[in-house]
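The values are calculated or read from the model by the stated rules, or taken from the named source; none is laboratory data. Given the structure is predicted, the values throughout are model-derived calculations rather than measurements. Reconstructed Cβ throughout: ideal geometry from the backbone, glycine too, with neighbour counts over all protein chains shown.
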Amino acid sequence: MEYQPQIKYLDKIEEMYGNELLIDILGIFQKQVADALILWKRHASSQGLADLKESAHKLKSSARSVGAFALADVLQKIENRTSTEGLSKDFLNIEKLYMESLTAINEWIQKSQLRRDGS
Amino acid sequence: MREILIVDDNEASRRIARYAVSKETSKIIESDDGDKAVEVILNEVPKLIILDWKMPKLNGDEMITLSDEMLKQIRHLDPSRMNKEKMDVILYSSEKLQDIVIPRSPNFRFVSYVSKEWPIETQVRKIKSILRQKR
């Protein structure tokens, strides 16, 4: 399953630092991506490339911090862009990768909860 | 230890940096933009600043330059506020270090670089090791 690398990453961070830090970062990440998707959908045709690149720059770090490396790579591509050509394809890719990441995160949260309930 | 100031417009990055320093001190100030950070620097003179380089409104280097200018004016008006110790700065950025031009500064000393591209555990470990050296 493509979620497994991210789940393994989250397991490792939880093992090292406990889940308080991770839960905070996951919450921040989900909110940031949700806000960005709304912003991009509304303004994809009129938004300046500079604004989109700035948004991608910020999200990229958050994505890496939660193990969503494929998503971070696409955001890096947007940050490196010099034109808006093909941007809509990038957005579709981001949405897809974000949904995959969200699935991984939810699966991890359930597993983590079960571990804590069982201990 | 005097305050540690974390300057970053990304809340997740601030959270990671806060986690890394929280065992060393409870005196942690966070700022989500360079303008507010300049105010903190002028009033609190933190011992250490963990500084994001690329931020909207005021970048890291602009923040350093503006702080230097304002500190110069303050000390001109009130020489008793002369501070012999420089404030240490950890660059905390997803920009590559070779792409960052660090300004020369009379008030700030750039002691290290932590990349946001690194895994979280590497970021935390690096920040903690820098703090241990500063004890």
Query - Any pair with Cβ under 6 angstrom, 6 or more apart, that starts in the stretch B:98-126 at a residue that is away from chain A (no Cβ under 14 Å) and ends at one that is of a type in the set (S, T, N, Q) and not in a strand (DSSP E or B) - result: B:PRO103/B:THR65
Query raised in the report: Looking at (1) surrounded by 13 or more Cβ atoms within 10 Å (Cβ to Cβ); (2) part of a helix (DSSP H, G or I), which is the only condition A:ARG81 fails?
Result: (2)
Requested in this report: Of the conditions (1) over 23 Å from A:ALA36 (Cβ atoms); (2) more than 11 Å from chain A (Cβ to nearest Cβ); (3) surrounded by fewer than 18 Cβ atoms within 10 Å (Cβ to Cβ), B:ILE41 clears all except one; give me its number.
Outcome: (3)
Requested in this report: Could you tell me whether B:GLU24 is more than 15 Å from the chain's Cα centre (by Cα) and within 30 Å of A:ASP35 (Cβ to Cβ)?
Outcome: no
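Let's see how each residue does on (1) touching a residue at least 24 places away in the same chain (Cβ under 8 Å); (2) buried (at least 18 other Cβ atoms within 10 Å of the Cβ):
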{"residue": "B:LYS36", "(1), (2)": "no, no"}
{"residue": "B:VAL45", "(1), (2)": "yes, no"}
{"residue": "B:PRO56", "(1), (2)": "yes, no"}
{"residue": "B:GLU62", "(1), (2)": "yes, no"}
{"residue": "B:LEU71", "(1), (2)": "yes, yes"}
Report task. Determine whether B:GLU24 is at pLDDT below 90 and under 19 Å from B:VAL111 (Cα atoms). Result -> yes
Query raised in the report: Within the stretch B:76-91, is there a residue that is of a type outside the set (A, V, I, L, M) and under 30 Å from A:SER55 (Cβ atoms)?
Result: no
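Would you tally the residues in the stretch B:87-135 being of a type in the set (Lys, Arg) and surrounded by 19 or more Cβ atoms within 10 Å (Cβ to Cβ)? Before you say what the answer is, go through the steps one by one.
Just the residues of the stretch B:87-135 that are of a type in the set (Lys, Arg), to begin with: B:96, B:104, B:109, B:116, B:125-126, B:128, B:132, B:134-135.
Filter once more, keeping what is surrounded by 19 or more Cβ atoms within 10 Å (Cβ to Cβ): B:116.
Selection size over the stretch B:87-135: 1.
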Query raised in the report: If you scan the stretch A:84-115, which residues turn out to be among the basic types (Lys, Arg) and either within 11 Å of the chain's Cα centre (by Cα) or not in a helix (DSSP H, G or I) (or both)?
Result: A:LYS96
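Name the one entry in A:SER83, A:SER88 that is touching a residue at least 12 places away in the same chain (Cβ under 8 Å), more than 13 Å from every other protein chain (Cβ to nearest Cβ), more than 18 Å from B:ARG15 (Cβ to Cβ) and out of contact with any helix residue (DSSP H, G or I) (no Cβ under 8 Å at 6 or more places or on another chain).
On the way: A:SER83 fails: out of contact with any helix residue (DSSP H, G or I) (no Cβ under 8 Å at 6 or more places or on another chain).
None of the others qualify; the one that does is A:SER88.
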**Report entry** Tally of residues being within 12 Å of A:ALA56 (Cα to Cα) and of a type in the set (Val, Ile, Thr) across the stretch A:72-88
**Finding:** 2
Report task. Kindly establish whether A:ASP73 is modelled with pLDDT of 90 or more and within 12 Å of chain B (Cβ to nearest Cβ). Result -> yes
Query raised in the report: Going by the structure shown, is A:LYS58 surrounded by 22 or more Cβ atoms within 10 Å (Cβ to Cβ) and without any contact (Cβ under 8 Å) to a residue 40 or more places away in the chain?
Result: yes
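Suppose the filter is under 25 Å from B:ASP9 (Cα atoms), touching a residue at least 60 places away in the same chain (Cβ under 8 Å) and part of a helix (DSSP H, G or I); does A:LEU26 pass it? So that I can check it myself, show each step before the final result.
Values: under 25 Å from B:ASP9 (Cα atoms): yes; touching a residue at least 60 places away in the same chain (Cβ under 8 Å): yes; part of a helix (DSSP H, G or I): yes.
For A:LEU26, the condition - under 25 Å from B:ASP9 (Cα atoms), touching a residue at least 60 places away in the same chain (Cβ under 8 Å) and part of a helix (DSSP H, G or I) - is met.
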Requested in this report: With the condition kept exactly as written, say whether any residue in the stretch B:47-54 is exposed (fewer than 15 other Cβ atoms within 10 Å of the Cβ) and either without any contact (Cβ under 8 Å) to a residue 60 or more places away in the chain or more than 20 Å from B:ILE16 (Cβ to Cβ) (or both).
Outcome: no
